[in-house]
Each structure stands twice: as structure tokens, then as C-alpha cells.
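The values are calculated or read from the model by the stated rules, or taken from the named source; none is laboratory data. In this text the structure is predicted, and so the values were computed from the model without any measurement. Quick reminder, even Gly has a Cβ in these numbers, built from the backbone with ideal geometry, and neighbours come from all protein chains shown. Ligands, DNA and RNA are excluded from the accessible area calculation, which covers all protein heavy atoms including side chains. Shrake-Rupley method; radii C 1.70, N 1.55, O 1.52, S 1.80 Å.
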Amino acid sequence: METKYKKILAASIISILFVQMIYISIEPTVTMAAVASDGVVVTLNVTSGLSISDATNITMTPNIGMSANKSIGSSAWTVSTNSATGYTLAVKNSTATAMMGTINGDNFANYTEAVAGTPDLWGGVASGTKEFGFSAYGTDAPVGTWGSYSTCGNVGSGVVDPAAKYRGFLPAMTDIQIASSASPTTVGGTTTNICFAAEQNAVYAKSGAYTATITATATAS
């Protein structure tokens with residue numbers, strides 16, 4: 001009887017082992033693949049650039065003489081830049097005297113503001129004097145400084161636009177900012193117009209040509 005149980009137990013153990021072997025043989029094998037990754041940083045540098053157009057030379061109108069005391073003129077510069085912080089535009093006279101007679105030695109002095117160095121409305125010049133000044137307008141020319149206007153005035157009479165604020169080129173041969181922007185311009189650039197005015201009061205300017213050389217400098221901020 002004991003031998004019988006031993007045989008049954010042995011057969012059971014063999015059966016269990018056989019089933020386990022079958023399960024192991026058909027169980028799917030799972031393998032873990034090795035993974036590695038890497039990244040790159042792509043950098044593109046954009047160079048800052050700036051350009052300024054050539055302004056047109058000016059002949060002021062009308063001619064000042066015995067019957068005309070006032071004259072105006074205008075020109076413009078277009079500045080283009082991709083500078084992230086924009087640009088500034090400044091002008092200066094090449095001489096200490098505002099406008100010099102090329103032959104006769106006479107001159108027009110710098111326009112006299114009510115407060116030195118602060119543009120103001122052109123209120124004429126003092127009796128016995130003759131003066132020359134400038135103003136500016138455009139998208140980047142602050143109206144608080146130069147006034148809100150879009151034309152230099154009447155080219156027939158030489159009367160300036162009543163909303164325009166003028167100043168003289170003082171300190172002598174020193175850059176005076178007329179426009180600025182804190183961001184890049186469009187591809188076509190931004191135009192700033194400059195106006196000039198001259199007037200004599202109860203005095204005659206000597207006949208002949210008078211000139212002033214004005215230099216505009218654009219600087220990337």
C-alpha cells in the first residue's frame with residue numbers, strides 16, 4: 001500500500017514538473033533595449049545694421065530782400081535699421097555762425113529761443129536782427145519737442161507753420177537730437193523732415209548767397 005502511494009506521489013510530482021516546463025517553454029521572453037538620446041542648440045546671429053538716405057540740398061523761398069523778410073526751406077532723411085533697440089537721429093551745423101554769406105561776410109545768427117535750447121513757436125526775431133533756425137517733424141520726431149504739424153509753412157510767403165517749434169544750432173557744432181525710436185524701423189525706413197526758417201526784422205541782409213552746412217547723424221541705439 002505504501003509503495004502504491006509512493007508511486008502516485010512520484011507521478012504527481014513528475015506531472016507538475018512537466019506542466020511547469022511546458023509553461024516556461026511557451027512564456028514570451030521580454031527583453032529591455034538600451035536607449036540613449038542627445039540634443040543640439042541651434043544659434044543664428046543677426047548683425048545690427050543702419051543706413052541713412054541722402055537728403056536733398058535746399059534753396060529757401062522766397063528770396064529775402066527789400067520787400068520780403070521771411071524765407072523757409074525743407075529737406076528729409078530716411079533712416080533704416082534692424083537694431084533691436086532702435087536709433088537716434090541728430091543734426092548739427094558745421095560752423096558756429098548759423099548761416100554765413102559766401103561773399104559779403106554777412107550772416108544770419110542762430111535763432112533765439114525764449115528759453116535757451118528749448119524749441120518754441122516762431123514768434124519772429126528782434127528788431128535790428130536777422131536769424132536762422134530749424135524744426136523737425138515725422139513719425140519719430142516728438143511732437144512735444146517740435147510741435148504737431150506736417151508742413152514747414154508757406155513757400156510763397158516764407159511764413160512758417162504756426163504749430164512748428166524752432167530752435168537755433170547752439171551749442172555750436174554740437175549734435176542736437178531731432179528723432180529717435182526704441183525699436184527697429186520697417187524695411188522702407190522712417191522719414192524725418194527738417195524745416196529751416198530765416199527772417200530779418202528792420203534791417204537789410206546784404207545781397208548775395210548765404211549757406212549753412214547741416215550734418216545729420218543716425219546712430220543705432
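Worth pointing out:
- All-pairs Cα distance distribution in the chain, expressed in whole percent, bin size 10 Å: 7, 25, 23, 10, 5, 3, 3, 3, 3, 4, 4, 4, 4, 2, 1, 0
- For Thr129, the residues whose amide H sits under 5 Å from its own are Asn201, ignoring neighbours fewer than 5 places away on the same chain, with H placed 1.01 Å from N.
- The chain: most fluctuating residue of Val46, Val143, Val91 per GNM, C-alpha cutoff 10 Å: Val46
- Between helix 2-26 and the chain: long-axis angle, C-alpha atoms, 0 to 90°, nearest 10: 20
- For Tyr210, nonlocal amide neighbours, meaning residues 5 or more places apart or on other chains whose placed amide H falls under 5 Å from its own, are Thr102.
- Residues Ile214 and Ser48, FRET efficiency given R0 of 30 Å [Cβ-Cβ distance, rounded to 0.05]: 0.70
- Residue among Gly128, Gly168, Gly117 with the largest mean-square fluctuation in a Gaussian network model of the chain, springs linking Cα atoms under 10 Å: Gly128
- Which of Asn201, Thr186, Leu170, positive extreme of dipole for the range 112-221 (C-beta unit charges): Asn201
- DSSP beta bridges confined to the range 64-190 are antiparallel in about 85 percent of cases.
- Working note: Karplus 6.51/-1.76/1.60 with θ = phi - 60° gives the range 123-134 the couplings x, x, 10, 5, 4, x, 10, 9, 9, 9, x, 9 Hz, where Gly and Pro are set to x.
- Available extension along the chain between Val40 and Ala76 is 8.2 nm, counting 0.36 nm per residue and deducting the alpha carbon span.
- With protein chains left intact and a 1.4 Å probe, residues in the chain average 61 Å² of accessible area per residue.
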